[in-house]
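S.K.: Sharing a structure below in structure tokens format, with a few things to ask.
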């Protein structure tokens, strides 16, 4: 999953055991990352775009487990736009995508042919409107019911592929199994499993949720335990989060930078070691890897940038 982190600049002589002019520190998971990067002037900051390289897999099966209760009606346009964004961000081959309700009794006989490369938003809309609906909001239990009790699931899903499940609901998951039980069950399904959740965040972090009763704590907890992507259902545009979710299952061969580096000064680190097997194209502000990082490599791309948006393209050093 890609993380864009604005890091704190500080004097790092003692921490790094050397005497650089500046250093930056950030946290990825439970690990702290230290890299030495010089600033380019008194008005610049340093930014790090980072990701952990996903494992290469033989395709990916994607299952959207969707709350079909009446309160979700207003979210339909954003939901369909999010599914469209995922389809457009997936590779040209190898994926299959299906949708089911998060109501367990209603998934036993749902037998829609999955979306595949080449399908369009119209195909996704048809699948959504033909999906069997229910009023229960039990995503964990619905997933298990579909996989174990629906014979059609075994016809389109592939044990050798990765599995990405996206939970979508505007209320807490009310499944009978606990978060811990679900995570143990889910991680045992395949070698490579991923989660994403589009739910109400805690009221302190949400754009529209004012009640902890509606917060998707269980889905959030399970997703975070697997290092997945959580999207605020209140967001006007789910596409960025959905694209990050799909990126979990595809290796990075390039990365578009968040900001434009000053003077093209870029520093790439793989697992904390400087790396030079890459090149930068300024026209699209993207770093391309000559040698693609290996699975599970931590890749950090650090660079000085102006912390304010300017209309000019800065290519000269500061005095």
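S.K.: Please compute, over every Cα-Cα pair in the stretch 60-247, the percentage with a separation greater than 22 angstrom.
M.R.: Counting pairs separated by more than 22 Å, the tail of P(r) holds 39 percent.
S.K.: If you don't mind, another one. Rounded to the nearest 0.05, what FRET efficiency do residue 178 and residue 283 have when you use their Cβ-Cβ distance and R0 = 51 Å?
M.R.: So, using R0 = 51 Å, E works out to roughly 0.50.
S.K.: In addition: For residue 202 and residue 156 in one chain, what is 0.36 nm times their gap in residues minus the Cα-Cα distance, to one decimal in nm?
M.R.: In short, 13.0 nm is gained.
S.K.: Let me ask something additional. Arrange the peptides 294-306, 249-261, 178-190 so that the one whose residues have, on average, the most other Cβ atoms within 10 Å appears first.
M.R.: The peptides rank, most packed first, as 294-306, 249-261, 178-190.
S.K.: For the stretch 239-278, with equal point scatterers placed on the C-alpha atoms only and solvent neglected, what are the log10 I(q)/I(0) values from the Debye formula at q = 0.17, 0.19, 0.27, 0.32 1/Å, to two decimals?
M.R.: -0.67, -0.80, -1.06, -1.12
S.K.: Please express the shape of the stretch 230-297 as an equivalent ellipsoid: the semi-axes are the square roots of 5 times the eigenvalues of the C-alpha gyration tensor, given largest first in whole angstrom.
M.R.: After scaling each eigenvalue by five and taking roots: 26, 17, 10 Å.
S.K.: Just need the relative contact order of the stretch 60-247 here, percent rounded to a whole number, with Cα pairs under 8 Å and 6+ apart.
M.R.: 25
S.K.: Count the DSSP beta bridges whose two residues both fall in the stretch 60-247, then state the antiparallel fraction as a percent rounded to the nearest 5.
M.R.: 5
Just so you know, all these numbers are worked out from the coordinates, no wet-lab data involved. Just so it is clear, the model here is predicted, and its values are computed rather than measured. Note that we place each Cβ from the backbone using ideal geometry, even for glycine, and neighbour counts take in every protein chain shown.
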